[in-house]
Every structure is written in C-alpha cells, then in structure tokens.
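The values are calculated or read from the model by the stated rules, or taken from the named source; none is laboratory data. Since we're looking at a predicted model, the values are computed, not measured. Cβ coordinates were reconstructed from backbone atoms using ideal geometry, including for glycine residues, and neighbour counts include every protein chain displayed.
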C-alpha cells in the first residue's frame, strides 16, 4: 500500500485547504478514501455520528500535480484511512505560502499521513514543516459500510437559499428548540419551522426554484403546493451549515418525507453530499 | 522586592494612549508607606499616580554563565517566531536541535504517556543560512517549555533584536539572551533530562526505520519527490482472515523504545541544592522558568520563583 502526492499550484492548495477546513467542521473523525482517480472524505451513518452521513468527492487530478497510489491489491485498488479531520486542516493551514506540499503514507512509530510543506524563506534556503498525522488503516472487511450512499427517491427537490442566511436563522432557532422541521414543495418554497409550547416560529423562503427531477412520474402525481417535511435535530443542520464557508456553485436539497434530508452541494469541482435522518 | 506583574502592567496597559499622552514617567519608592509609586505626567497637566504595594522578599540569584554552554545559535527573532507558528497553541514542550545537513530542527515533544493517544507530530526544519551564528554539532538537542519560548520570542520580535540560544546537554538549562544598547536580558529555561527516542531520531543521521532494500539515506526533506522512497513504507494492515486474499504487509520493526529515565542522575550536584520541598527522584517540574533582567547601568539582580533550579544556587541550600 503506497500513497504519494504533490501539490505545487497555490490555487489548488488553497482549494484543498478549504475543503479540508469544511470537513473538519462537519466531522471530527472521518474516513479518507484514496483511489486512482479520486479522493473521498466519508462519514458513514453509524450511531456515533447520530445517523448523519457524508460523502465528499474530489478529482485528484484537479488538485495534485503528482499522484501515485497503490491500493491493498490489484482488484481492490483503494486505501481507506481513518483520521482526525482537524489534524489535516491544521497541517494544511501552515502551508499558506508554500512552494510545494507533499502528502505521503508513512510508518513512523505508527501509521501516519505525512504532510511535508516547503515554505519560501527569506534567504535562499527553504524552510520545511512536516506534520505526521496519525491514521488508522481500515481493513477490507469494513469497506462495504463506506460506499457511496445511494441517492434516495426524493419527494421534493429544491434549490437552497443563501446558506449564510439559513445559518443565521437556524442559529437563532437553536436557542428555542432542539427540533426543527424542514419542509419544501415543488413550487420553490422552503420553510424552516420550530415549535414549542409557547411559540411557533417559521421562516419562509420563496422563489427558490426546483431542479428538474429525472423521473417525471413522481412530480406529476404530486401537487406543487404539497409540502414534504422532515423533523430533524437542529444541531445537525446547524453543523452542516456552519461548515459552509464558501458560496457553493450549486446547492440542492432533496427531501424524503419523514425519512431524510439530503443536501447535495457542488463547490467548484468538489461534490458534497450530506444526509440528515429524521428524528425517530 | 516583588509585586504581581499584572499590577505593574496595568499602568501601561494601553500602549497607544501612553505614546500619545504621556510626557514623562517617574518611578520611585515611597519610604513612608512602602509603595512603588509610578507617576505618569501627561498632556494638559494631567498627572496619574499609581501606588503599587510590594513585598520584601529574599533575593536569590541563580548563577549561570552562557559562556559555559558549549553550543550556540543566533538568529533574528522572526526566524524562530515564524517557526513556532506551525505548532498547535496547546503544545507544552518543544525540542530544538541540529539535524542532518546542519539544519536547525524544532519538533513538538510528546511525553511517553501520550504515545498511546497518537497525537500529530509537527516538525520545522530551518536551513543554516537563516542563522547569524550556529556553533553546535549535528545531533545535539534540548527540550523545553514552548509557552515560555513563545513569550520570550514575541518580546525579542517586538524589540526587533536577534536572539542567542546557549545550550548544553539535556538536563542543563538553556539560556536565551537578547541584547542591545539599552538592555541585556537573559531567559533561563530548564530542559528535560531524558531524551525519548523521538527526539533522538531528530538528530540521528541514520534512517528512522532500517529497511535493507531501501537506498542510502539522503537528507529527508530536501530531496526531490522522486527520491522520497526512503520515507514510504509499507503499512501493516489489519486483516482478520488471510483468505480474503489481501496482501498483508508485515509491519516494520519499530525502534526499541527505551524506558525514559525519570530519575535525575544522583551525581548531578544541582539536585542537592534544590528546594527541600522537592521529592528526590522526581523529574524537574517542566514549568520552571526564571526571568532575569539586567540593565547595563546596574549590576545584574534577579528575583526568582521558589522552584527547583538546575542552575547552581549561590545561596547553597544543600
């Protein structure tokens, strides 16, 4: 098993750093899947994460100038590593003005992902900062739990409003209730509702637009005004929104009534899918 | 005399205000009520008087001599300040040493107890060219408190002065000196006596993991990407059943982890002069620090925290 990659372009490095910062906000521990074409940050819906799952994918050739990997075997040409997300984002943070950044799988006292940054120095010599991020190699038998989640057949699919606005609304709502109802219809309307004994608060977003659903039959049988709703834990929604530091290129919300909320974001060339389950 | 530093600092809290409004500052000792009087004469006839109470205390003078330290390095404070930026704010200790190729290395220090926790290790390597002076052989290294180091670095950086580091073997104090025409300051920090294998690797010229089929060791961080094989190891994978057909790589043998000696060498004469309250045989408190300021106009006086010192105590409490 081998992995070595290098980034020389500052824009690519900043992009990768932003992705890593986002992942650090979304999941304390996550799985990094390395395959010949892609890198994935994965959070699977185990109990520890409270049912939340995440799938983030980026094409390696958009980031790395050099990329070599050798998986577990020829048939299973992938590497699955578990790491603390904050370690990676902290390591990348030191690379803000780097000339080059190298990442490789190493074994120093314990398996590590070594991030080696070559910084520009005032004199001719370069300064090197190395971070050894401890990792856990995930054995083959657990890979089946870490596959790309299937996109559910949603009842409603809608474009999201500005995430910053949503975040400030949900932040205030969190002080009133732990549960939130997210509902939307095929008329471009999305509501965030909280309800307690004393008060009900609803924020309405209108004219959001709905992406065209692939299966026309679903949309035809559904009245455009009908709301599909899910009761979710407000903190999980807030955690997702807090992780979004950049305005996404595309942001879609898919709702499966009383089951799941599925956020599908595209941040330039990086795709992020985030699933929040309904409260039981 | 001694008084809480915070009280004294609070007089000069707003530097901007001080620069704009204060014309003169008079510091005097009031004999009548044993106060330190700081008077700020400001613009428009405004006079601010601060009375700071103090306590008389025993004056202890630690004896240390930077000239006795065999190793030295000197650099603009900014070089070292930039280097410590990469360390996490919570890190307590850092190891400073000379590595392969005469590069100065700063590495986060992990106590043996933390090795099960597997914390990220960060290391910064600075080329010899960035230093004004470097008189230390490859392989020397000392470990000391990072928090104090950061503090004295920020002072040196704000004064825009170079910092000289005098050090010796692990266990003997490290002395940081900052000098200019107005002041002469010495910061003495205790260093850890034991060097765990991680720190030893820092400066060892041999590869960390001996692998017979690997090529000869090259300077780890400066080679081209294609020559990085030395650092690329097979990782042992946990597999439950061999029949899965996966290629289980044998783990490379880890270097033997020697039990760090927590007992101070009984031969060390400094230990006998430590405070009676110290339990013999325990490692020196790592938070020890001592700050000595001397103006070139007056002979060097010092006040000292009542904690064990590794520098010889002129009072000889033994």
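Some notes on this structure:
- Checked against the criterion of being within 11 Å of chain A (Cβ to nearest Cβ), surrounded by 22 or more Cβ atoms within 10 Å (Cβ to Cβ) and touching a residue at least 40 places away in the same chain (Cβ under 8 Å), the candidates B:86, B:125, B:108 yield just one match: B:125.
- Residue check, residue A:109 at pLDDT below 90 and either surrounded by fewer than 18 Cβ atoms within 10 Å (Cβ to Cβ) or over 22 Å from the mean Cα position of the chain (by Cα) (or both): yes
- The numbered conditions (1) closer than 26 Å to residue A:42 by Cα; (2) in contact with a strand residue (DSSP E or B) (Cβ under 7 Å, 6 or more places away or on another chain) are all true for residue A:185 except (1).
- Helices (runs of 4 or more DSSP H) (entirely within the stretch A:163-263) containing at least 3 residues that are under 17 Å from residue A:151 (Cα atoms): A:216-221
- Odd one out for residue A:127 among (1) touching a strand residue (DSSP E or B) at 6+ places or on another chain (Cβ under 7 Å); (2) surrounded by 19 or more Cβ atoms within 10 Å (Cβ to Cβ); (3) within 22 Å of residue A:33 (Cα to Cα): (3)
- Checking the stretch B:60-72 against the condition returns no match, with no residue being modelled with pLDDT of 90 or more, buried (at least 22 other Cβ atoms within 10 Å of the Cβ) and under 17 Å from residue B:173 (Cβ atoms).
- Only one entry of A:116, A:125 meets the criterion of being at the interface with chain B (Cβ under 10 Å from one of its Cβ atoms), part of a loop (DSSP other than H, G, I, E, B), free of Cβ contacts under 8 Å to residues at least 40 places away in the same chain and closer than 22 Å to residue B:105 by Cα, and that entry is A:125.
- Among the residues of the stretch A:64-95, those that are in a loop (DSSP other than H, G, I, E, B) and either under 17 Å from the mean Cα position of the chain (by Cα) or facing another protein chain (nearest Cβ under 10 Å) (or both) comprise A:65, A:71, A:72, A:73, A:74, A:75, A:76, A:94, A:95.
- Wholly enclosed strands (runs of 3 or more DSSP E) of the stretch B:70-188 bearing at least 1 residues under 16 Å from the mean Cα position of the chain (by Cα): B:71-76, B:93-99, B:103-108, B:121-126, B:141-145, B:162-167, B:174-179
- From the list B:198, B:203, the lone residue that is modelled with pLDDT under 85, closer than 30 Å to residue A:114 by Cβ and within 11 Å of chain A (Cβ to nearest Cβ) is B:198.
- Contacts under 8 angstrom Cβ, first residue in the stretch A:130-144 being more than 7 Å from chain B (Cβ to nearest Cβ), partner at pLDDT below 90 and surrounded by fewer than 23 Cβ atoms within 10 Å (Cβ to Cβ), 6 or more apart: A:138/A:146; A:143/A:76
- Residue among A:104, A:25 that is part of a helix (DSSP H, G or I) and either under 23 Å from residue A:146 (Cβ atoms) or modelled with pLDDT under 95 (or both): A:25
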